[in-house]
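The values are calculated or read from the model by the stated rules, or taken from the named source; none is laboratory data. Please read all numbers here as calculations on a predicted model, not as lab measurements. Every residue, glycine as well, gets a Cβ built from its backbone with ideal geometry; the counts of neighbours run over all protein chains shown.
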Amino acid sequence: MEALLQFKHVDAGYGRVKILSDLNFEVYPGEVFGVIGPNGCGKTTMFNALLGHIIPTKGEIIFNGVDITKRSPNERCRMGIGRTYQIPRPFVSMTVFENVLVSAVYGGKHSEHAARPIALNALRLTGLYDKRETVAGTLTLLDLKRLEIARALGSEPTLLLLDEVAAGLTEAEVHEVMDLVAQLRSGGQTIIWIEHVIETMVKSTNRLMCMCTGTNLVTGEPLEIMNSQQVQEVYLGAEEDDDE
Ligand SMILES: Nc1ncnc2c1ncn2[C@@H]1O[C@H](COP(=O)(O)OP(=O)(O)OP(=O)(O)O)[C@@H](O)[C@H]1O
Ligand SMILES: [Mg+2]
């Protein structure tokens with residue numbers, strides 16, 4: 001099967017500070033590809049490079065057979081890359097429906113009329129349909145996370161990027177997010193999911209990549225990755241650093 005996304009020897013960072021270093025991986029259509037790794041190892045930076053917020057200084061990013069390494073964020077969004085933010089960023093004074101409608105109009109290149117059913121569908125999928133008239137600023141954290149996903153779905157992404165959508169939630173709420181991801185996956189949605197909770201990643205993903213200092217330490221079958229010595233050492237090392 002052809003990869004939907006390829007990172008080939010990518011170096012990228014902020015100004016002169018290099019964060020990603022020779023990062024290589026592929027994501028295949030229909031898979032939930034999990035990304036783990038200690039704080040600050042470059043997971044969100046990988047999303048920023050994929051979304052065009054930073055441009056690699058080396059290497060290539062290939063999406064759907066097209067070299068997107070130097071394309072603008074808007075172009076990439078229109079080509080089918082949709083994301084959630086690590087910290088939810090809704091328009092707080094707008095309703096849930098209006099928030100998703102905005103992303104369906106701007107991200108999905110639709111007229112408002114054409115965008116309405118797409119937005120409503122994203123709300124049904126994420127379980128927010130009954131709260132569509134609620135003002136976003138009054139939502140609970142779980143519903144804000146759902147709204148982040150609904151907004152990303154509004155642009156009808158071929159590839160959906162989830163950045164720590166389960167962070168800060170209770171165990172029961174994390175299960176709700178896992179159910180939602182499973183539902184999207186069964187509908188054929190390709191997803192890259194960054195999360196710290198390894199058990200969640202093992203249950204919800206097809207393949208798992210562990211990053212370390214801006215590069216791909218190891219990628220493979222989730223259970224195998226969780227039990228691998230390299231991954232255990234990276235996390236143990238991070239805990240020891242925290243104790244200092
Ligand atoms: N806008 C920025 N300008 C400069 N440095 C940045 C910027 N954003 C992130 N960094 C640095 O890049 C490194 C990688 O950060 P990144 O946010 O990609 O890590 P992460 O793996 O997503 O971490 P976390 O698990 O805490 O979300 C960190 O050292 C961080 O301080
Ligand atoms: Mg991050």
Query raised in the report: Of the residues in the stretch 166-197, how many are among the β-branched types (Val, Ile, Thr) and under 19 Å from Leu5 (Cβ atoms)?
Result: 5
Requested in this report: Could you list all residues from the stretch 155-171 that are outside any loop (DSSP other than H, G, I, E, B) and without any contact (Cβ under 8 Å) to a residue 24 or more places away in the chain?
Outcome: Glu171
Report summary line: If we keep only residues of the stretch 164-203 that are surrounded by fewer than 19 Cβ atoms within 10 Å (Cβ to Cβ) and of a type in the set (Ser, Thr, Tyr), then the residue farthest from ligand 1 (Cβ to nearest atom) is Ser186
**Report entry** Of residues in the stretch 161-182 being closer than 16 Å to Phe33 by Cβ and away from ligand 2 (no atom under 16 Å from the Cβ), the one nearest to the chain's Cα centre (by Cα)
**Finding:** Val181
Query - Single condition Glu133 does not satisfy, out of (1) in a helix (DSSP H, G or I); (2) touching a residue at least 24 places away in the same chain (Cβ under 8 Å) - result: (1)
Query raised in the report: Counting just the residues of the stretch 63-88 that are over 16 Å from Pro157 (Cα atoms) and surrounded by 14 or more Cβ atoms within 10 Å (Cβ to Cβ), which one comes out nearest to the chain's Cα centre (by Cα)?
Result: Gln86
Query raised in the report: Is there a residue being within 29 Å of Gly15 (Cβ to Cβ) and within 16 Å of ligand 1 (Cβ to nearest atom) anywhere in the stretch 65-83?
Result: yes
Report task. Assess whether Ile19 counts as being touching a Ser or Thr at 6+ places or on another chain (Cβ under 8 Å) and of a type in the set (Val, Ile, Thr). Result -> yes
Report summary line: Among residues of the stretch 26-47 being out of contact with any Gly (no Cβ under 9 Å at 6 or more places or on another chain), within 7 Å of ligand 1 (Cβ to nearest atom) and in contact (Cβ under 8 Å) with a residue 12 or more places away in the chain, the residue farthest from Asp179 (Cα to Cα) is Asn39
Report task. Among the strands (runs of 3 or more DSSP E) lying completely within the stretch 1-103, list those that include at least 3 residues that are hydrophobic (A, V, I, L, M, F, W, C) and touching a strand residue (DSSP E or B) at 6+ places or on another chain (Cβ under 7 Å). Result -> 5-14, 17-27, 32-36, 58-63
Query raised in the report: Can you find even one residue in the stretch 12-20 that is surrounded by 14 or more Cβ atoms within 10 Å (Cβ to Cβ), under 15 Å from the mean Cα position of the chain (by Cα) and in the same structural domain as Asn206 (by TED's automatic domain parsing)?
Result: no
Query raised in the report: Taking the stretch 89-138 only, how many residues are more than 25 Å from Pro73 (Cβ to Cβ) and surrounded by fewer than 14 Cβ atoms within 10 Å (Cβ to Cβ)?
Result: 7
Query raised in the report: Which of the following residues is within 16 Å of ligand 1 (Cβ to nearest atom) and within 30 Å of Pro117 (Cα to Cα): Leu161, Leu153?
Result: Leu161
